[in-house]
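The values are calculated or read from the model by the stated rules, or taken from the named source; none is laboratory data. Since the structure is predicted, the reported quantities are computational estimates derived from the model, not experimental observations. Every residue, glycine as well, gets a Cβ built from its backbone with ideal geometry; the counts of neighbours run over all protein chains shown. Accessible surface areas use protein heavy atoms only, side chains included; no ligands, DNA or RNA. Shrake-Rupley method; radii C 1.70, N 1.55, O 1.52, S 1.80 Å.
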Amino acid sequence: MSSATEVGVSEADAYESGSASLVVWLTSLVRNRDYGQLAQLRRTSMRTNAHIRASWYVLDPDDAGEREIYEQVAFLFAVYHRGVSRPAYGHGSLGEAMRRIGSPGSRGPNDPGATRLVDRIVTSRRVPWRHLQHAIARLRACEQTPPHWERLVDDLMLWHDRKARIAYHWAVDFHAPYDSGRKSTQKGSSS
């Protein structure tokens, strides 16, 4: 199998296509009411056929870190979509999504629980899977839109890239003053 860069596709475009394909498959599970595979994705104690299927979309099948990101985002997607009949494609970065956590009078930075959770996520050196799971569960409990799933995959692929500064951008998105006319310049935004 030739790498994406060998065939003239940039690495970012290749990740985007893999993440886009993953999201298409995941949303099809919700649309087709394939609750069995979604339930398999929520199992963390064992690697199921659904987990293996999620890793089909990775660019480099030999990269265990990349496979883990695809499988874990599929898990987070399944957690959010438990018992849901219409897929939520999400909107914005995780930081933007976390701004939606809380009660109507105190969302995002005004919600102490959301602030603590964002702090735990953005200060983590490793990908903070448990805290991400908590964030997605909180968004679901608050009946708020999740982060853009494709963008979440792409961001996590760059988690350890110091130049990308994903954690920093999530923190900025979380703490940015709310402006309804604000256009996000981040890749994957659907503003």
Scanning for something within 14 Å of Trp129 (Cβ to Cβ) and either open to solvent by less than 10 Å² (accessible area, probe 1.4 Å) or among the charged types (D, E, K, R) (or both), does region 42-61 turn up at least one residue? yes
Looking only at residues in region 1-38 that are of a type in the set (Ser, Thr, Tyr) and at pLDDT 90 or above, which one is farthest from Val153 (Cα to Cα)? Tyr35
Checking Trp170 against (1) over 23 Å from Glu66 (Cβ atoms); (2) in contact (Cβ under 8 Å) with a residue 12 or more places away in the chain; (3) part of a helix (DSSP H, G or I), the condition it does not meet: (1)
Here's a check for you: in region 124-158, which residue that is in contact (Cβ under 8 Å) with a residue 40 or more places away in the chain and not in a helix (DSSP H, G or I) is most open to solvent (accessible area, probe 1.4 Å)? Thr145
Working only within region 64-123, note down all residues that are of a type in the set (Ser, Thr, Tyr) and within 18 Å of the chain's Cα centre (by Cα). Tyr70, Tyr80, Tyr89, Ser93, Thr123
So, in region 102-123, of the ones that are in a loop (DSSP other than H, G, I, E, B) and at pLDDT below 95, which residue ends up surrounded by the most Cβ atoms within 10 Å (Cβ to Cβ)? Asp111
